[in-house]
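Inspection log for the structure reproduced underneath, given as structure tokens.
The values are calculated or read from the model by the stated rules, or taken from the named source; none is laboratory data. Computed from a prediction, not measured in an experiment: that's the story for all the values here. Ideal geometry is used to build each Cβ from the backbone, glycine not excepted, and the neighbour counts take in all protein chains shown. Ligands, DNA and RNA are stripped out before the accessible areas are found, and what is left, the full protein with its side chains, is counted by its heavy atoms. Shrake-Rupley method; radii C 1.70, N 1.55, O 1.52, S 1.80 Å.
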Amino acid sequence: MVEMSISRRKFLMTSAAASALLTLGKAPDAVARTVGDSIKWTKGVCRYCGTGCGVYKGVQDGKLVAVKGDPKNHNQGFLCLKGFLLPQILYDSRRLTTPQIRKNGKLVDATWDEALDLVAKKFTSSVKKHGPDSVAFYGSGQGYTEESYAANKLFRAGFATNNIEGNPRLCMASAVGGYVTTFGKDEPMGCYEDIDKADVFFLVGSNTAECHPIIFQRIARRKEHAPDTKVVVFDPRKTPTTRIADLHIPFTPGTDLAILNAIAHLIVKWDLVDKNFIKKQLTVGEGKEAGKQWQHYVDFLATYTPEYAESVSGCPKEKIIQAAKWFSEKGKASMSLWTMGLNQRIRGVWLNNLCHNLHLITGKIGKPGSTPFSLTGQPNACGGVRDQGGLSHLLPYGKLSGKPEHRAAMEKLWGLKPGTLPSRPGKHAIAMFQALEKKEIKCMYIMCTNPGQTLPNANRYRKAIAADDVFVVCADIYPTRTTELADVVLPAAVWGEKEGVYGCSERRYQLDSKVVDSPGLARPDFDILLDLGKRCGFGDLLPWKNPAEAWDEIRRIAKDTPYAFWGMTRERLRKESGILWPCPSEDHPGTKRRYVAGEDPLVPADWPERIMFYGKPNKRAVVWCRPQAAPEEVPDGDYPYFFTTGRVIEHWHSGTMTMKCRELKESKGIAELEIHPEDAKALKIRTGQAVRVISRRGNAVFPARVTDTSPRGMFFVHMHDEDRLCNKITIDAYDPGSKQPEFKICAVKVEKA
Ligand SMILES: Nc1nc2c(c(=O)[nH]1)N[C@H]1C(S)=C(S)[C@@H](COP(=O)(O)OP(=O)(O)OC[C@H]3O[C@@H](n4cnc5c(=O)[nH]c(N)nc54)[C@H](O)[C@@H]3O)O[C@H]1N2
Ligand SMILES: Nc1nc2c(c(=O)[nH]1)N[C@H]1C(S)=C(S)[C@@H](COP(=O)(O)OP(=O)(O)OC[C@H]3O[C@@H](n4cnc5c(=O)[nH]c(N)nc54)[C@H](O)[C@@H]3O)O[C@H]1N2
Ligand code: SF4
Ligand SMILES: [Mo]
């Protein structure tokens with residue numbers, strides 16, 4: 001057989017064609033023809049991105065052989081190629097199938113008893129000797145809700161520490177900060193159906209085409225049906241997303257606060273604000289004098305003329321004016337979607353606030369097609385970590401670990417003695433790895449995430465994880481850049497081999513199904529955590545026989561909170577293709593638009609307004625004055641270029657899964673440094689040449705690709721290549737509010753390697 005690398009163009013075309021085939025309802029036939037007729041299909045969810053596409057998993061002769069889209073789910077049967085190729089992530093020969101313990105520097109096979117007894121002994125004796133905060137858990141927006149919940153309970157109620165974190169800190173923390181400061185409660189208020197009703201899309205710092213392909217496809221479909229639809233993309237780079245844009249707003253990295261404020265400035269100047277909505281539903285900042293509030297905002301915006309924004313950002317003012325015109329046009333529905341270009345910034349929360357502002361001042365919110373919508377990256381960052389309280393400062397379902405009354409309420413729900421839950425603040429992700437570095441944290445359990453590759457300033461934190469006198473446990477499905485540093489490696493069951501609930505971007509909770517057994521000794525994370533809990537003496541806290549029992553407890557914990565999903569029984573989730581919360585009772589269909597009277601069951605029937613922002617005590621959302629502020633590190637004489645990192649459609653984060661799929665590895669398997677032709681000329685660099693990228697923190701070598709996708713003065717690489725660690729270069733400075741690191745911007749120099 002001739003091994004030929006398929007071109008990327010062909011790859012993308014194949015992806016689209018496969019998707020098209022499936023929506024035409026040809027899927028069962030087409031897939032069955034390639035895999036045979038005796039296939040058994042079971043409903044589930046894609047385990048990759050936060051789009052949360054519904055799938056059917058096809059099993060034949062005890063093997064997961066195919067995946068097809070669920071036509072009844074929001075994705076209407078469409079999937080991207082990563083989704084179709086999921087079966088391959090189960091069956092690579094490199095799967096971890098045996099627990100391993102590091103002895104004399106080498107990982108050697110062990111039994112579960114040996115491995116978990118050792119983990120239990122290390123964690124419990126560390127708590128005894130050094131106190132509860134000497135242990136920590138670092139989890140993931142890719143674990144099931146039941147798994148994250150079990151870990152949360154084990155660490156907070158069992159070990160009595162708030163050192164519970166996860167990769168959503170690197171991803172969604174600024175979105176959480178934005179929602180909470182603006183609306184008082186986390187999570188989007190809109191839904192995917194809004195896409196079908198929107199006339200104008202703002203895609204801000206989001207490469208939707210590559211990172212949320214099925215959402216992007218829905219936007220493209222909307223444009224096809226309503227050709228007047230406008231798509232505006234705010235991104236310093238040209239991407240496959242900017243390619244369908246009616247307007248691309250390019251700018252110097254880090255200057256989009258000025259642009260978003262300039263858009264608000266114009267809307268106010270043109271008097272296209274919704275005065276009635278502002279008067280009845282909003283405040284400007286918190287604690288401002290009622291009468292002067294609006295004027296305070298108008299005064300704040302005075303600086304942000306389009307001319308000023310152009311001078312700060314380099315984006316021609318005509319483009320900013322055009323974007324403002326489209327967004328604010330009366331009678332048109334506007335939807336904004338954003339992701340890491342905004343969140344991974346030291347001003348991530350502010351940027352989120354600025355997106356919300358545009359919707360609030362125009363009243364383009366809570367109506368079909370009009371909504372601010374933060375796209376979630378991972379399949380269960382919303383359901384399993386944000387909602388369920390898997391970050392150090394949170395407790396389940398909107399409660400905070402720093403609030404005595406919230407801890408007391410949780411203690412009651414969990415049947416704990418008053419005072420059991422710790423009041424000491426836990427550490428956020430970066431602080432946690434810094435505490436590991438200082439040996440304040442001595443034992444860490446890492447589950448379903450690969451921080452040895454994906455933390456910023458990786459040299460520093462890889463060293464901390466690898467240090468001899470700390471004890472790090474890592475549960476994964478393959479050897480990774482983290483397992484290579486860990487003291488104990490636990491083989492986990494993967495998607496398809498276990499069951500649990502995922503919650504995607506639009507508050508849709510869905511049940512993912514087990515269809516095959518895991519190989520060797522690999523076990524579901526849920527079972528491993530329960531087993532460890534027992535060995536540590538906390539069996540009573542985790543009394544469930546299976547994830548379904550834990551789910552019932554979770555439903556009970558969430559009852560009477562704004563997350564109300566009591567109505568989502570396991571039976572319903574098994575039958576239905578996902579339900580959007582709030583869903584307070586078993587006969588409730590779920591809620592498309594939150595806060596909206598007549599739609600959201602938590603808004604009282606006699607509420608006189610269209611919307612009730614019940615997350616805030618005064619039921620008003622907040623318009624925030626957030627000024628332009630520079631990134632932590634900008635180019636200078638020594639490090640003259642911007643460096644940014646991100647994603648391509650073929651691969652997933654650290655590549656542990658997608659690099660096991662042949663078709664995906666062959667397309668974009670290697671991280672290339674994208675260099676603008678002018679920079680390449682000045683630096684005398686040609687495509688294919690090895691280039692060393694150097695920051696104040698570290699360096700890595702990439703083959704160059706000369707292309708005009710990045711603007712002059714800015715380099716891009718994708719983050720998926722475990723042999724070329726871009727995070728040795730990135731910066732670990734973080735947003736003071738959300739503590740989310742500024743992956744998207746740092747300064748570098750380059751030299752030929
Ligand atoms: N194929 C694929 N899909 C994924 C993932 C994956 O690994 N692979 N991961 C999932 C996860 S967890 C996440 S968080 C999402 C991420 O989804 P996205 O955020 O869409 O992806 P990124 O490529 O990280 O970054 C988006 C864009 O931010 C731009 N950017 C850089 N600097 C700035 C700036 O100063 N301002 C603005 N406005 N933009 C800037 C970059 O040029 C980039 O195009 O994707 C999810 N989907
Ligand atoms: N340079 C740069 N770095 C970034 C970002 C960026 O934009 N640029 N983005 C950041 C963001 S937004 C995110 S979300 C993070 C993601 O960072 P990570 O979460 O570290 O990356 P993943 O590759 O998704 O890691 C998931 C791990 O879980 C394993 N796994 C898969 N299924 C299971 C399972 O069922 N159980 C267990 N125990 N393990 C499993 C996989 O093999 C993999 O090693 O990266 C962050 N890092
Ligand atoms: S768009 Fe996301 S959820 Fe949907 S199939 Fe692709 S990777 Fe999976
Ligand atoms: Mo993410």
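Counting only residues that are in a loop (DSSP other than H, G, I, E, B) and away from ligand 2 (no atom under 16 Å from the Cβ), the stretch 194-231 holds 6 of them. For the stretch 614-631, a residue qualifies if it is polar (S, T, N, Q) and farther than 16 Å from K185 by Cα, and exactly one does: Q628. Return yes when A120 is touching a strand residue (DSSP E or B) at 6+ places or on another chain (Cβ under 7 Å), farther than 30 Å from R218 by Cα and not in a loop (DSSP other than H, G, I, E, B) and no when it is not. In short, no.
Checking K534, K545, K514 one by one, the residue that is modelled with pLDDT of 95 or more, open to solvent by 60 Å² or more (accessible area, probe 1.4 Å) and within 23 Å of T51 (Cβ to Cβ) is K514 and no other.
For the stretch 538-566, which positions are assigned to a loop (DSSP other than H, G, I, E, B) and in contact with a helix residue (DSSP H, G or I) (Cβ under 7 Å, 6 or more places away or on another chain)?
Scanning the stretch 538-566 gives F538, L542, W544, A564, F565, W566.
Residues in the stretch 123-151 that are more than 16 Å from ligand 4 (Cβ to nearest atom), assigned to a helix (DSSP H, G or I) and touching a residue at least 40 places away in the same chain (Cβ under 8 Å): 13 in all. When you scan the stretch 71-88, do you find a residue that is more than 24 Å from the chain's Cα centre (by Cα), more than 16 Å from ligand 2 (Cβ to nearest atom) and not assigned by TED's automatic domain parsing to the domain that holds M659, even just one? Yes.
For D70, indicate whether it is in contact (Cβ under 8 Å) with a residue 40 or more places away in the chain, open to solvent by less than 10 Å² (accessible area, probe 1.4 Å) and among the charged types (D, E, K, R). It is true that D70 is in contact (Cβ under 8 Å) with a residue 40 or more places away in the chain, open to solvent by less than 10 Å² (accessible area, probe 1.4 Å) and among the charged types (D, E, K, R).
Restricting to the stretch 172-182, and then to whatever is buried (at least 24 other Cβ atoms within 10 Å of the Cβ) and not small (G, A, S), can you tell me which residue is nearest to ligand 3 (Cβ to nearest atom)? The extreme case among them is M172.
Only a single criterion out of (1) touching a residue at least 40 places away in the same chain (Cβ under 8 Å); (2) away from ligand 4 (no atom under 16 Å from the Cβ); (3) closer than 27 Å to A630 by Cβ; (4) among the polar types (S, T, N, Q) is not satisfied by S738, namely (2).
In the stretch 319-350, the residue that is nearest to Q740 (Cα to Cα) out of those that are within 16 Å of ligand 3 (Cβ to nearest atom) and open to solvent by 10 Å² or more (accessible area, probe 1.4 Å) is M340. Suppose the filter is over 22 Å from V501 (Cα atoms), open to solvent by less than 20 Å² (accessible area, probe 1.4 Å) and in contact with a strand residue (DSSP E or B) (Cβ under 7 Å, 6 or more places away or on another chain); does I579 pass it? Taking the combined requirement at face value, the residue does not satisfy it.
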